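Step one of this worksheet: look at the structure below.
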Amino acid sequence: MKILLGVQTTGNGHIVRSGALLKQLRQRGHDVYCILTGPSTNRRWNLDQFQPYETRAGLSFASRRGKISYLHTVLDNKPIRFLRDVRQLEWRGYDLVISDYEPVTAWMARKRGLPSIGIGHLYAFIHAVPKSPGNHLAHWVTNNFAPVQYAIGSHWHHFDQPLLPPTVAEDVHQLTPSEAEHILVYLPFERQADVIELLSQFPQQCFRLYTGTPEQGEINHIRLCKIGRQGFIDDLASSRGVICNAGFSLVSEALHLGKKVLVKPLTGQVEQESNALALEQLQLGHWMADLNAQSVHQWLAMPAIAARNWPEVISPLADWISAGNWADYTVLIEQLWPDKHTRSS
């Protein structure tokens, strides 16, 4: 098949998952071309795996100091440019469009009547899963941001819904967890000076803070680390636990490896607030509404957790896509949740 793959680059989780799926699809003989969208495309790592590809601005939320900024979201996004990109995107000759919650390719497929599959955690929210109260507009935007014909969501539990387990990357499946003395910290939506001030209140605990900036060094018990995939997952595998925002991919990797998590959701972002709620309901992790020292203190004293050991999802998913029966993924779900009818939360 000739496939158009749309990748949202506003989070590294999208890049890791889509890169793994791209590799599997090409190994099966499919001709896959990629569209990458997101304002931070030029700052992301490991994009060469998507060659050949094009970039578009797409759509995204803007944040300031750990909160969604609706003013900057309106100012930063250019709807006329988005509509032009959708209209002008080449569509002839494609048999299938796959969207990793990427809006340009999803809306193009809808406009042109092409078969489209949506893959990713955010597609879980069209089903009965834990959701933050939020507001009606925020939930509507989440469900209509990247509409597709066949939506396949993933979550940490099936909730008796047609969902897949988290798509943990191959390099994480190959890790052997251990436990050193450090806590891995990755809070990219927060002002890093605020994060350092919080961590400074725990001088007896070693932290490895991934900041997303080229500066590296140490501030007493806090090691500043530059983001790179291998170093990051190595520190994840050997950590005592993870403090992060409530994005889906990193939390999934941590739970897979048996690392306790403390999340600070991006305020006003429905997905992250809903993820925090799900972690609490499933008793898989803990969350704090702000950068709160008391929450960190209580969490540090908590014991380790059991590894979730999610199954490998990408290869069976690529097989299912290749088979072409996209209206039915019951067999895929039963394969990946073999104990679905008996599993408890």
Original post:
Residue check, Ser295 against (1) in a loop (DSSP other than H, G, I, E, B); (2) out of contact with any helix residue (DSSP H, G or I) (no Cβ under 8 Å at 6 or more places or on another chain); (3) not assigned by TED's automatic domain parsing to the domain that holds His136, all met but one. Which one?
Top reply: (1)
Original post:
From the residues in the stretch 317-331 that are buried (at least 17 other Cβ atoms within 10 Å of the Cβ) and at pLDDT 95 or above, which one is nearest to the chain's Cα centre (by Cα)?
Top reply: Leu317
Original post:
Going through the stretch 141-189 one residue at a time, which ones are in a loop (DSSP other than H, G, I, E, B) and touching a Phe, Trp or Tyr at 6+ places or on another chain (Cβ under 6 Å)?
Top reply: Ala146, Gly153, His158, Pro165, Pro166, Val168
Original post:
Quick check: anything in the stretch 136-143 free of Cβ contacts under 8 Å to residues at least 12 places away in the same chain and either of a type in the set (Phe, Trp, Tyr) or in contact with an Asp or Glu (Cβ under 8 Å, 6 or more places away or on another chain) (or both)?
Top reply: yes
**OP:** For the stretch 210-224, name all the residues that are outside any loop (DSSP other than H, G, I, E, B) and either surrounded by fewer than 20 Cβ atoms within 10 Å (Cβ to Cβ) or at positive phi (or both).
**Re:** Gly217, Glu218, Ile219, Arg223, Leu224
Original post:
Can you tell me which residue in the stretch 230-262 is nearest to Thr10 (Cα to Cα), limited to those that are in a helix (DSSP H, G or I) and β-branched (Val, Ile, Thr)?
Top reply: Val251
**OP:** Being touching a residue at least 24 places away in the same chain (Cβ under 8 Å) and either surrounded by 22 or more Cβ atoms within 10 Å (Cβ to Cβ) or charged (D, E, K, R) (or both) is the filter here, so list the residues in the stretch 273-295 that pass it.
**Re:** Glu273, Ser274, Asn275, Ala276, Ala278, Leu279, Gly285, Asp290
Subject >> Within the stretch 38-140, strands (runs of 3 or more DSSP E) holding 2 or more residues that are buried (at least 16 other Cβ atoms within 10 Å of the Cβ) and at pLDDT 90 or above >> reply: 96-100, 116-119
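The values are calculated or read from the model by the stated rules, or taken from the named source; none is laboratory data. These figures come from a predicted structure and were not determined experimentally. Cβ atoms come from the backbone with ideal geometry, glycine included; neighbour counts cover every protein chain shown.
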